[in-house]
Amino acid sequence: MKFYAAHTTIVNPPSASPKITREQLWAALKQKSRDPIRFVPVIETCEVIKEDAFGLTRVVQFKPGTGPPGKVTEVVTFTEGVKADFFTPDNGTTVSNIISFGEDDSELYLTFAFNMNFPQFEEGSEQADAQTKKLWQSSQGAAARTVDQLREMLEEGSFH
């Protein structure tokens, strides 16, 4: 079974405070790559095993029933200031976190694009349909959750 989705959130709606800059958002995506637990509630543990200027390799473990069982290796590739791709070599899944602009630099957006593979589910089966529904619900709020966490960290003074 394959699951495809993309969801975009506006980073600074008129009522938002504090306002988030592109630099802060990019720094948050890099932090999320290294330490995802606050940003991705389904991840239980994360260990970065390799890092360089172009990205990192990490081993994550999902909370029971929320992702693949056991330890999962993810290769994260950075396109500086614009995109972080999270690739799982074991099953070919890619999740992209993309920063984009509207008409001018004040219109900042964050998009999460999902290209996920679940070979254990047969396309069109009841299990695949249930998994698709669950994934759709959890993916819908992922970008907004990241922005909300960053804004909360800025308010607390805990974002560096």
Item to complete: Give the number of residues within the stretch 97-149 that are outside any strand (DSSP E or B), of a type in the set (A, V, I, L, M) and free of Cβ contacts under 8 Å to residues at least 24 places away in the same chain.
Response: 1
Item to complete: Could you check residue 4 against (1) touching a residue at least 40 places away in the same chain (Cβ under 8 Å); (2) surrounded by 14 or more Cβ atoms within 10 Å (Cβ to Cβ); (3) within 18 Å of the chain's Cα centre (by Cα) and say which number it fails?
Response: (2)
Item to complete: Could you tell me which numbered condition residue 12 fails, if it satisfies all but one of (1) at pLDDT 95 or above; (2) over 19 Å from residue 141 (Cα atoms)?
Response: (2)
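Condition test on residue 84, is it on the phi < 0 side of the Ramachandran plot, within 12 Å of the chain's Cα centre (by Cα) and not aromatic (Phe, Trp, Tyr)?
Details: on the phi < 0 side of the Ramachandran plot: yes; within 12 Å of the chain's Cα centre (by Cα): yes; not aromatic (Phe, Trp, Tyr): yes.
Yes.
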Discussion item. Looking at 23, 74 in this structure, which one is surrounded by 15 or more Cβ atoms within 10 Å (Cβ to Cβ), free of Cβ contacts under 8 Å to residues at least 60 places away in the same chain and not aliphatic (A, V, I, L, M)?
Written reply: 74
Worksheet item: Within the stretch 52-66, is even one residue of a type outside the set (A, V, I, L, M), under 11 Å from the mean Cα position of the chain (by Cα), surrounded by fewer than 17 Cβ atoms within 10 Å (Cβ to Cβ) and not in a strand (DSSP E or B)?
Response: no
Fill in: Count of the stretch 84-106 residues which are surrounded by fewer than 16 Cβ atoms within 10 Å (Cβ to Cβ) and over 16 Å from residue 60 (Cα atoms)
7
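Among the listed residues 53, 16, which satisfies the condition of being over 19 Å from residue 91 (Cβ atoms) and in contact (Cβ under 8 Å) with a residue 40 or more places away in the chain?
On the way: 53 fails: in contact (Cβ under 8 Å) with a residue 40 or more places away in the chain.
Every option except 16 fails the conditions.
The values are calculated or read from the model by the stated rules, or taken from the named source; none is laboratory data. From a predicted model like this one, the values you see are computed outputs, not experimental measurements. Positions of Cβ are generated from backbone atoms using ideal geometry, with glycine treated the same way; all protein chains shown enter the neighbour counts.
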